[in-house]
Protein chains: 2
Amino acid sequence: LTDVAAIRAAAARATAIRRTPLLSAPALDRLAGRRVLVKAECLQVTGSFKARGAWAAVSALGPAERQRGILAYSSGNHAQGVAWAAAAHAVPATILMPSDAPATKIDGTRAFGAEVVLYDRATEDRDALGARLAAERGLTLIPPFDHPEVIAGQGTTGLEIAAQAADAGVAAADVLVCCGGGGLSAGIALALEAEAPGLRVRPVEPAGFDDMARSLAAGERLGNPPGARSICDAILTPRPGALTFPVLERLAGPGLAVSDAEALSAMRVAFETLRIVLEPGGAVSLTAALSRADAIAGDAVICVASGGNVAPALFAEAIRPA
Amino acid sequence: LTDVAAIRAAAARATAIRRTPLLSAPALDRLAGRRVLVKAECLQVTGSFKARGAWAAVSALGPAERQRGILAYSSGNHAQGVAWAAAAHAVPATILMPSDAPATKIDGTRAFGAEVVLYDRATEDRDALGARLAAERGLTLIPPFDHPEVIAGQGTTGLEIAAQAADAGVAAADVLVCCGGGGLSAGIALALEAEAPGLRVRPVEPAGFDDMARSLAAGERLGNPPGARSICDAILTPRPGALTFPVLERLAGPGLAVSDAEALSAMRVAFETLRIVLEPGGAVSLTAALSRADAIAGDAVICVASGGNVAPALFAEAIRPA
């Protein structure tokens, strides 16, 4: 299981990971009604925090595993993170991606030299396909969130937040984190527990995919009702992770959920006030700061803006004047 | 006159200025044909490097000057920088802006509490209007580039570049700088002369407004031919500064010029590969790295991306798929 020692060890190995800035703007504070600090993981290598967990996991592999190669399933950001980390370690990477993943993300993954295997979400069994590839080739699976080293790598974000919040004079605040399976949220929560106990993680999800929020409220892992849709492709996961949920049950505050329209609006605010590019799933934390202000306590709030890999047409729609 | 001691003193006073990251991406390196390091001043407070020079100039004022207030002329980024720095020092600010300046920039300036006085570029004499306001109110003028403290403040960018390039293992490279009157270029050149002599500033301008490039080639300050137009509103200046030109004549390499269409294309590349928002005038340095590769020497190039205050409609046009 991941602890802060594992996170510190991942940070010590993370030689190619960028320390992303904690951004702010007076105009953003005015819109949110309190001070807002944005951890800009869209500026991370590969455009999302996923590079952190991928680097941690790949750098922890032994020589034999490295030689055989690694396998990952992902609709995009994890794929790019793993492909990048594998290439940097000279490890062959095979990435299983749904054929309807954003072209930006498929192209980005291939550009790092990974072999991308596309499958049809509707008709093919991803897990069976992955298991067959792994067995045939002797590949090591790097899961997107439920993996101790992946959680440790994502937790390096929390070490940076602890230091940067202290520099900004913020000792107590909610830390809103875009949440799919909970790897980023859990890693940050573990880091903050040790280094900034006044900062409390609160997962933020798209409406219809708020399995973590409902699971935290219920005290058990719940899935999402069928049929929901969202543009937040990066964080649409069926249920909380087996490793991440107990961490968040112990350390995180109540979850929050936001709509796609609210996420698009927050993308525009980030564009105008911070000059950063966020994808919908990377903007839900900021969305909650702007649209769920009454559900947040304190004079300051920290938002982890987790990714910026967005198709130009969708971004243009988000910033279009109302 | 500005020297590196003045730049170091400005850096020591720059308590509210952000140390912006030096960004990179493998996909960007591939497009440019060499390693590209982007100094992301679009992430600076107020969305451009102008906050640096404004802070340096306002923080250097004495108590009587602070009490009477300051005056600035600007179509946008300098206005916002000065308004922000003045507000932070509790100094009243009056900003003269052309009535056709981008609404984003006028609104941004007012949001910092400055009094914005609009004038008609075609029918009113800005200098006479400014002189009258300054005389009536006892205001101190903060010019956009030709001022020792403003140049010193912009030069703090160069101190950061010297340190960040060393961290990145780059000791020799062209440093492409978006150039209007030359304050940023001159400040950076002075800082690099002292701290990273292998890095050489090269000013980049919009075609039709390449007065600095032609002046450097001619060895004397030349103006621009009449009638040219460009969307690079941030860097359209009539001629090199009296203080900035001698610095660049001594220290800078040949200037470069790029078209508006090329600048829009570079904005899209920055969006896709770095997830940052650049305005046209803040993107010409990156534009030159992408579109004038043959005119640049070395394995690596550094681009100062100087601002990101762009209207949503124009940004949407830039990122529209071809």
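The values are calculated or read from the model by the stated rules, or taken from the named source; none is laboratory data. These numbers come from a predicted model, not from an experiment. Please note: Cβ atoms are built from the backbone with ideal geometry, for glycine as well, and neighbour counts cover all protein chains shown. Calculation scope for accessible area: heavy atoms of the full protein, side chains included, ligands and nucleic acids excluded. Shrake-Rupley method; radii C 1.70, N 1.55, O 1.52, S 1.80 Å.
Brief remarks on what is shown
- Between the stretch B:166-242 and the stretch A:140-174, the Cα center-to-center distance that results, in Å: 40
- Chain A, accessible area per residue, ligands and nucleic acids excluded (1.4 Å, Å²): 35
- Calculated over the stretch B:199-317, the projected area of the Cα convex hull averaged across directions stands at 7.6 nm².
- Count Lys and Arg as plus one, Asp and Glu as minus one, and take only other residues whose Cβ is under 13 Å from that of A:Leu129; the net charge is then -1.
- P(r) tail fraction, chain B - alpha-carbon pairs more than 25 Å apart, %: 45
- Chain lengthening between A:Ala171 and A:Ala135 when straightened (0.36 nm per residue, less Cα-Cα): 8.1 nm
- Using a cut-off of 25 Å between Cα atoms, the listed pairs A:Lys105/B:Lys105; A:Lys50/B:Lys105; A:Lys50/B:Lys39 include A:Lys105/B:Lys105; A:Lys50/B:Lys105 as exceeding that distance.
- Charge sum, other residues only, whose C-beta stays under 11 Å from A:Val258's C-beta, Lys/Arg counted +1 and Asp/Glu -1: -3
- Most to least packed among A:74-82, A:7-15 [average Cβ atoms within 10 Å]: A:74-82, A:7-15
- Average other protein chain Cβ within 10 Å of Cβ, residues A:307-314: 3
- Antiparallel %, DSSP beta bridges [both residues in chain B], to 5: 10
- With a 1.4 angstrom probe, the accessible area lost at the A-B interface totals about 2200 Å².
- In the stretch B:146-225, the alpha-carbon atoms span a convex hull of 91 Å³ per residue.
- Across every pair of non-identical alpha carbons in the stretch B:248-288, the mean reciprocal distance, once inverted, gives a Kirkwood radius of 10.9 Å.
- Per-q log10 I(q)/I(0), the stretch A:52-161, q = 0.15, 0.17, 0.19 Å⁻¹ (Debye; single scatterer per alpha-carbon; no solvent): -0.58, -0.75, -0.92
- Of all chain A residues, the one whose C-beta is nearest the axis that brings A onto B, in angstrom: A:Ala316, 2
- When you work out D = kT/(6 pi eta Rh) for the protein assembly as shown at 37 °C and 0.692 mPa s, using the Kirkwood radius from C-alpha pairs as Rh and the Stokes-Einstein form, the result is 130 µm²/s.
- Of the beta bridges in the protein assembly as shown, as assigned by DSSP with both residues counted there, near 10 percent are antiparallel.
- Average beta-carbon neighbours from other chains, 10 Å sphere, peptide A:23-29: 4
- Among A:156-163, A:179-186, B:28-35, B:173-180, the order from most to least packed when residues are scored by Cβ within 10 Å on average: A:179-186, B:173-180, A:156-163, B:28-35
- Accessible surface of the protein assembly as shown [probe 1.4 Å, protein heavy atoms]: carbon and sulfur percent: 53
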